[in-house]
Amino acid sequence: MPKISDKKPASISRSASGSRSGESAGTARRAAGVACAFVSVIVDIASRALTEPFTYAVDDAAVNEIEIGSTVLVEFGRRLAVGYVIAIAEQPQGLPDGGAVEGRSVKTIRSVLARRSFSAISADIARWMAREYVASTSECLRLFLPPGRSARLSRAADGTYVLEQPRVSEVCDRWVSLTERGRRFEPPARASRQRQLIQALSCGPVTTRELAALYTSMSATVRALERRGLVSVEQRRVWRGCDQETTLSSASGLAPETLTGAQVAALKAIGRAVSAGRGDVVLIDGVTGSGKTEVYLSAIEPVLEAGRSACVLVPEISLTAQTVGRFRSRFGATVAVFHSRLSAGERLDQWDRVRDGTARVVVGARSALFCPFSDLGIIIIDEEHEQSYKQGSNPRYHAREVAAAMAARYGCALVLGSATPSAESLMRCREKGYANRSWLRVTMPDRPGFAQLPNITIADLRREFRSGGRSIFSRPLAAALERVAERGEKAVLLHNRRGFAPFLMCRECGCVPTCRHCSTALTYHERTHTLECHTCSTVYRIRAYPDQNARCPRCNSPYLAKMGLGTQQVEDALHALLPCDVEIIRMDADSTRGRDGHKRLLERFDAARCSVLLGTQMIAKGLDFPEVTLAGVINADYALKMPDFRARERAFDLLEQVAGRAGRGENPGEVIIQTYLPDDPVIRAVAAHDRSIFSEHDLRVRAEALYPPFVRLVNIVCQGREEKSVRACADLVANALRRAISEESCGEPGHVPADTTHTLSPDPMSGPIVVGPASCVIERAHDRFRFHIVIKCPLGYHISRIIAATLSRIGSRSGISVTVDVDAYDLM
Ligand SMILES: Nc1ncnc2c1ncn2[C@@H]1O[C@H](COP(=O)(O)OP(=O)(O)OP(=O)(O)O)[C@@H](O)[C@H]1O
Ligand SMILES: [Zn+2]
């Protein structure tokens, strides 16, 4: 590892804040052959306060190496640090944030650590993200760096800084081939090794790895013939992560003969947004199975023909072989794929393929947004309502918002698709715009061809219970499952396990074992006899009734019994109900472990003649199997009962999505939803295929209680081991915020920063409201107490700036962490 001595501290002048970084300055400098240059550097030190760049000089040695996007080593205060170049100019005054800096007081960068890995546009987006999400600019920029290759400094015991080697590297194969002379070469009769080698190469180049597998120890022979100029050895990059074959019948992306009228209309709207080049947004509000994926595929074609690239985001959960297969079969090797199951090396290789332009269609989860695109023509977000587009750790960005900011900067179109669009997106479309960009909604109300939306039956579990039904399956659902078995069709069955996860409860004293480190109830895993904490992953061994060793941890009673309903139990009930030639496939976190677990289960479901796919949320999304004629929901109620203002929207999305799996082919589909709450507006809306029954009710509630989409919501969580000091810190933060907000409104009434003005409906409030602090719903996690403050804030008000300034004024408290979540989704 290279060691770098820690020279005496250097004072580095700090530049004022700026906005745009121009690539043209660097290009001009090189064209003019100017040797001396200055750069704006974002220093990579974990601190929310470090959002602005610092100015450094570049000496002659480095001047030809340095570009926007380079990683450099710099002195920063008393230490060394890694930094990222976001702008270059001949004079400090020429830097977007320069001017205030005197040339001679500026430090010179130590060295260039890595070549360009992001563009000026990316740097601009990272700075926007840092401002918007109260994050440090370096943590936002790091999203754009090559996976596993970013430079890191660590401090050794003797005080020197050590540059850590990147964790991931490229892999090359060595290819051996015959040269012109080699082809004419006749090895001597006794040289059997040489003969073998020449023969192996006679049909074309072979890798040394293959040679080693075929013949042990061929390397000496290769070397010998190479020296004589008879064979040549060439390094070629291996592209990992490009070979995910699947046998799924529906993973083909063959274009249909004709597009539906709605598809044509949607494509026209997208075409207009692409050619407008302003970052306009098109929301495709299309029922399940209406052919949205086909619209995405057709919209990408002209973009590729124009030489530009496309980025397609899908929720992690639906990054299945089926979705990926459709894109690969339409666009071939130009597709790069990003999902969490890729190895670090595969990620790097996919990233490099995007950078060198071999891959121009990227399909991936939210982080795919940060690929090194050169000329982005379209960004597509499928299932745009999905909560997984919001990042749960710093920087807590929402992919939809980042994509919109990107689309504006790239001058490309943003396409959002969903059968259940988010309240936020629907509102922006009603207002016809947001943040100076046009938002247009197009609907696709029908399925193509003869496919119809399925018929929906609500099975009232109260009535079922009153008339003596005690089975997991109500009579209508049991009968429907039996019909599927008789006809040799397929069914999907949702068992929404969250909230129904089995837990243990003492029948005598009512004790429910909770985690020692967190305030969460523990999930019981029957097969391993363990209780597991889903917050901190602690595992406790335990025995449950009727095991003889079962004991309640509080009262020692043997009646520590299992409650709730596990997926395995539903699986057992299905086996009991259906004939044994019906294949039952269970898909949950346990059965999909491993890299291809998910894909293999779907392939089995696909290949079976008659089968039932039973699973958690993961079966609800995006699956397209035309033979599915029944979709069932074991219990719809959990989703409705969560203490969260978005719970009802999420419940509606989930039910609508599951229902959408049935009847996508020629045979009509049927949906049966079991519930104790048949009169709930969510259930009635799903049953009637009429979103407005639920959304009118839901929006009224949210408008009255001041919740999104009518306001923006920021959740600030303080955590620490000592309850009292955490509480005190939260009080301090809340009061400081209240003061800052009231000062702000006195100074300049109605002040709205220029880049966030838009035309949404009149604000229901005149200024931000700070609520709390209060204990979080999860009061304790990982042995740390949790308090939160919620800010409700009018749309268009730039609250992030005030939060950042307030927190940096307060400074950090030892042992207490403060996290800021702007546009929070998880308020627990
Ligand atoms: N114009 C068309 N003519 C005939 N079939 C089509 C057409 N467009 C799409 N399809 C077929 O209809 C089915 C549903 O399409 P697709 O999966 O694109 O729908 P979707 O709107 O993305 O659905 P979901 O929201 O449920 O994921 C697919 O099997 C697809 O091949
Ligand atoms: Zn725990």
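FYI, it's all coordinate maths here, none of it is from the lab. Just so we're clear, the structure is a prediction, and the values are computed from it rather than from any experiment. Cβ atoms come from the backbone with ideal geometry, glycine included; neighbour counts cover every protein chain shown.
Worth a mention:
- Packing-based exposure ordering (other Cβ within 10 Å, fewest first) of 511, 203: 203, 511
- Overall form of segment 249-444 per C-alpha gyration tensor (a/c, 1.5; a/b vs b/c): rounded
- Each helix, a run of at least 4 DSSP H residues, gives -39500 (n - 2.57); summed and divided by the residues of the chain, these come to -9000 deg cm²/dmol at 222 nm.
- Beta bridges by DSSP in the chain, antiparallel share as percent, to the nearest 5: 55
- The trypsin sites (Lys or Arg not before Pro) of segment 368-436 that DSSP puts in a loop, and whose beta carbon has at most 14 other beta carbons within 10 Å, are 432.
- Sorted peptide list for 602-610, 462-470, 127-135, criterion being average Cβ within 10 angstrom, highest first: 127-135, 602-610, 462-470
- Put simply, the amide H of residue 412, placed in the peptide plane, has neighbours under 5 Å in 279, leaving out anything fewer than 5 places away on its chain.
- Exceedance of the 21 Å cut-off in Cα-Cα distance is absent from the set 490/599; 292/621; 268/432.
- Counted over segment 474-565 with a bin width of 10 Å, the fraction of Cα pairs per bin, in whole percents, is 16, 37, 20, 18, 8, 0.
- Of every Cα-Cα pair in segment 569-663, the percent that sits beyond 18 Å: 51
- The chain, relative contact order [Cα under 8 Å, separation at least 6], %: 10
- FRET efficiency, residue 156 to residue 333 (Cβ-Cβ, R0 51 Å, nearest 0.05): 0.70
- Tensor-based shape of segment 695-735 (alpha-carbon gyration tensor, a/c under 1.5 rounded, otherwise prolate or oblate): prolate
- Gain upon complete extension [residue 177, residue 765; 0.36 nm per residue less C-alpha separation]: 204.3 nm
- Geometric extent, Cα atoms of segment 375-441 - Rg, Dmax (angstrom): 11.8, 32
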